[in-house]
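Asker: For reference, the structure I am asking about is given below.
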Amino acid sequence: MQDARSTNQEPASRKGSNTAAIISAFRVAHGLDPQVFFAPGRINLISEHTDYTGGFVLPAAIQFGTWIASHARADRVVRVHSATQNETVEIGLDVEPRQARKHWSDYAAGVVWALQAQHRELQLCGAELLIHNDVPLGAGLSSSASMEVCVALALLGVARQELGTLDIAVVCQRAENEFAGARCGIMDQFIATHARPDHAVLLDCDSLQSRLIPLARTHHWIVANTGVRHALAGGEYNLRRAECETVLAQLARQFPQRRVVRDLLRHEQSALATQLSPVAARRLAHLCSENRRVGEMVVALERCEMARAGELLLASHASLRADFEVSCAELDLMVAIASRQPGVLGARMMGGGFGGCTLTLADAEASERVMLAMRRDYRAEAGIEPEIFAAQFSGAAGKIG
Ligand code: ADP
Ligand code: MG
């Protein structure tokens, strides 16, 4: 399996070579011709920490993700081999689901459990799954949702069962929330199942209404992995969720007619803030400003006002750093390095924070030079070799061939 992050190959030919590689690995291991499925990872153009408060998000699927070669088994066992982890697990379809064990296989076992719990009508069968991925794990590019969605498609595919795309997204979110124990919103699973090539998706996390937003090829969205993931990330994420719940509780008391934060008018936001602790008021400020920025970003993209799009990225980063307090030295450094390159319109941290990736908007012609400069300067200043690539926007998860 080639590491596509080091190539700028077109998605179609890369998909072809990855598919050929996983088919041949499956044939060697099992002597059978498998079905192959792909589910993409994603970036998020703007809107962090807004999904679990019923806000708007603007994700887009990327060229990297999870690949599964699969074949039905005669028994009632789902046998999953992750090439990345070089490990195999067995999950029984008819046995009581085991407890999550903070292990990669929780994401597969969770999908087996959630599919059956949510859709008793499904007739699943045993399956042999071989998983490859070319999206980095734990970097905020949603390897978890791409794995969950790919496992769901593979299980449904070999059993010749069908489920709608929204149902698949909901099942996979449930697997991650209730089984694997990670409190994510629905954004990652939704984009993996609803993406379109060369589009972002504006998703209302409250109503689950969505709209496709075309992305011009005149500009590149550059992803830079800082290579750090600070240990406090998980704890701080849960803390932010708790802080947001405090905000939502006060919102319900003070403005019961406003169901979600994003419905607040500016003067209501100010009145609400006076009733909150200074910390909670800053979290509220981020949620409100970030939701407004999503709307403004959609307008900017639809009008191809890319300088404005860049300003919004910088404003988002400032808000995440100062109001939501989820940035870190490496993210700030990567954003600063990107921002000083000619041809760059804006940059921000992406994802939950405390490490992971940044997103930089650059003129397409400048993009190669910008990526080289970012790599050189980050290596020199942080002492870490970053992974950097320009996103190519993929379609939704599905069967290949
Ligand atoms: P992200 O989704 O941003 O990559 P998460 O922490 O949500 O980060 O999910 C990462 C976890 O998902 C990994 O640590 C691993 O447990 C699991 N995972 C994702 N892809 C695979 C894979 N191909 N093989 C095994 N585990 C995987
Ligand atoms: Mg994830």
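The values are calculated or read from the model by the stated rules, or taken from the named source; none is laboratory data. Worth saying up front: this structure is predicted, and the values here are computed from it rather than measured. Cβ atoms come from the backbone with ideal geometry, glycine included; neighbour counts cover every protein chain shown. Just the protein is used for accessible areas: all its heavy atoms, side chains included, with ligands, DNA and RNA removed. Shrake-Rupley method; radii C 1.70, N 1.55, O 1.52, S 1.80 Å.
Asker: For the stretch 91-179, which trypsin sites (Lys or Arg not before Pro) are both in a DSSP coil and crowded by at most 15 other Cβ atoms within 10 Å?
Answerer: Arg98, Arg101, Lys102, Arg120, Arg160
Asker: Normalised by the empirical 2.2 N^0.38 Å for globular proteins, what value does the Cα Rg of the stretch 282-331 take?
Answerer: 1.19
Asker: Where the only charges are on Cβ atoms (+1 Lys, Arg; -1 Asp, Glu), what is the dipole of the chain about its Cα centre, to the nearest 20 debye?
Answerer: Using Cβ point charges on Lys, Arg, Asp and Glu, the chain gives about 240 debye.
Asker: I need to check one value: relative contact order of the chain, counting alpha carbon pairs closer than 8 Å and at least 6 residues apart, in percent.
Answerer: Value for the chain: 22 percent.
Asker: What percentage of all Cα-Cα pairs in the stretch 352-401 are separated by more than 12 Å?
Answerer: Counting every Cα pair in the stretch 352-401, those more than 12 Å apart make up 73 percent.
Asker: Here is a further query. Please go through the stretch 95-159 and write out the GluC sites (Glu not before Pro) that DSSP classes as loop and that have at most 10 other C-beta atoms within 10 Å.
Answerer: Taking the stretch 95-159 and a limit of 10 other Cβ atoms within 10 Å, the loop GluC sites (Glu not before Pro) found are Glu121.
Asker: Distances over 14 Å make up what percent of all Cα-Cα pairs in the stretch 100-177?
Answerer: Every Cα pair in the stretch 100-177 considered, those over 14 Å come to 59 percent.
Asker: Using only the alpha carbons of the stretch 45-119, what is the convex hull's orientation-averaged projected area in square nanometres?
Answerer: Over every viewing direction, the Cα hull of the stretch 45-119 projects on average to 7.6 nm².
Asker: May I pose another question? In the chain, if the dipole is taken from +1 on Lys/Arg beta carbons and -1 on Asp/Glu beta carbons about the Cα centre, which of Ala231, His49, Ala83 is farthest to the positive end?
Answerer: Sorting the options by dipole projection puts first His49.
Asker: Given a cut-off of under 8 Å on Cα pairs at least six residues apart, what relative contact order in percent is computed for the stretch 219-390?
Answerer: About 34 percent, as a whole number.
Asker: At a temperature of 25 °C and a viscosity of 0.890 mPa s, determine how fast the stretch 164-272 diffuses translationally according to Stokes-Einstein, using the Kirkwood radius over alpha-carbon pairs as Rh; express D in µm²/s, rounded to the nearest whole number.
Answerer: Answer, rounded: 144 µm²/s.
Asker: Still on this structure, please answer the following. Restricting attention to the stretch 235-271, which trypsin sites (Lys or Arg not before Pro) occupy a DSSP loop and are surrounded by at most 13 other Cβ atoms within 10 Å?
Answerer: Arg259
Asker: Another question about this same structure. Over the chain, with every protein chain in place, what whole percent of the accessible area is carbon and sulfur at 1.4 Å, could you tell me?
Answerer: 51 percent
Asker: Given the chain, report the % of alpha carbon pairs whose separation exceeds 41 Å.
Answerer: Above the 41 Å cut-off, the chain has 14 percent of its Cα pairs.
Asker: Computed over the Cα atoms, what is the radius of gyration of the stretch 219-390 divided by 2.2 N^0.38 Å, N being its residue count?
Answerer: Output field value: 1.12.
Asker: Another one. From the residues Leu141, Leu284, Ile400, which one has its Cα farthest along the dipole of the chain in the positive direction, the dipole being from +1 and -1 charges on Cβ of Lys/Arg and Asp/Glu about the Cα centre?
Answerer: Leu284
Asker: Separate question: Using label points projected 7 Å from each Cα along Cα→Cβ, tell me how many nm separate Ser270 and Arg183, to one decimal.
Answerer: 3.2 nm
Asker: Please give the FRET efficiency for Arg101 paired with Asp33, using the beta carbon to beta carbon distance and R0 = 30 Å, rounded to the nearest 0.05.
Answerer: 0.35
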